[in-house]
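K.L.:
Right, I'll just put the structure down here and ask away after.
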Amino acid sequence: MLLALGAAALAGLVSFASPCCIPLVPGYLSYLAGIAGAETSTDPAGDTRVKTAARIRVTGAALLFVAGFTVVFVLATASVFGLISVLQLNRELLQRLGGVITIVMGLAFIGLIPALQKDTRPVPDG
């Protein structure tokens, strides 16, 4: 069990340090700093302390930040899987359409379809 926890922590660290997550860190930290920065106090010894209410607000804000990204990525993944299932249902039709388009483009390439051989370009005024 201890080995599994260590492996999970290492995998989390690697995924956090990946190029797709690192750009999110400055926005995340500034978001949390903006919430916690207003709730600090300095004691007579000069130490900065964060009030307990601020810690709770920062924790809640962090959870909402993570939940927002989770919702976006889950919806994106569900959309991709939905699109894949639609394409799978229409697989044979799409293969036939792709074949017809390939044949037509081949015939146009060798010059057997004159309507697709036209070259039209916009002419500038002046």
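K.L.:
Would you pick out the residues in region 59-77 that are farther than 17 Å from S30 by Cβ and within 13 Å of the chain's Cα centre (by Cα)?
P.N.:
Listed by number, the residues that qualify are T70, V71, V72, F73, V74, L75, A76, T77.
K.L.:
Continuing with the same structure: Taking region 97-126 only, how many residues are surrounded by 10 or more Cβ atoms within 10 Å (Cβ to Cβ) and outside any helix (DSSP H, G or I)?
P.N.:
Of the residues in region 97-126, 2 are surrounded by 10 or more Cβ atoms within 10 Å (Cβ to Cβ) and outside any helix (DSSP H, G or I).
K.L.:
With L87, L83, L94 as the choices, which residue is closer than 30 Å to G27 by Cβ, modelled with pLDDT under 95 and in a helix (DSSP H, G or I)?
P.N.:
Values: L87 fails: closer than 30 Å to G27 by Cβ; L94 fails: closer than 30 Å to G27 by Cβ.
Testing whether each residue is closer than 30 Å to G27 by Cβ, modelled with pLDDT under 95 and in a helix (DSSP H, G or I) leaves just L83.
K.L.:
Would you mention how many residues in region 15-37 are without any contact (Cβ under 8 Å) to a residue 12 or more places away in the chain and surrounded by 10 or more Cβ atoms within 10 Å (Cβ to Cβ)?
P.N.:
Taking region 15-37 and keeping what is without any contact (Cβ under 8 Å) to a residue 12 or more places away in the chain, we get 15-23, 25-27, 29-30, 33-34, 37.
With surrounded by 10 or more Cβ atoms within 10 Å (Cβ to Cβ) added as a condition, the list becomes 15-17, 21-22, 25, 27, 29-30, 33-34, 37.
Here the count works out to 12.
K.L.:
Another question, then. Considering only residues that are part of a loop (DSSP other than H, G, I, E, B) and within 18 Å of F69 (Cβ to Cβ), which ones fall in region 1-20?
P.N.:
Residues satisfying the conditions are A17, S18, P19, C20.
The values are calculated or read from the model by the stated rules, or taken from the named source; none is laboratory data. No experiment lies behind these values; they were computed from the predicted model shown. No Cβ is skipped: glycine too gets one built from the backbone with ideal geometry, and neighbour counts run over all protein chains shown.
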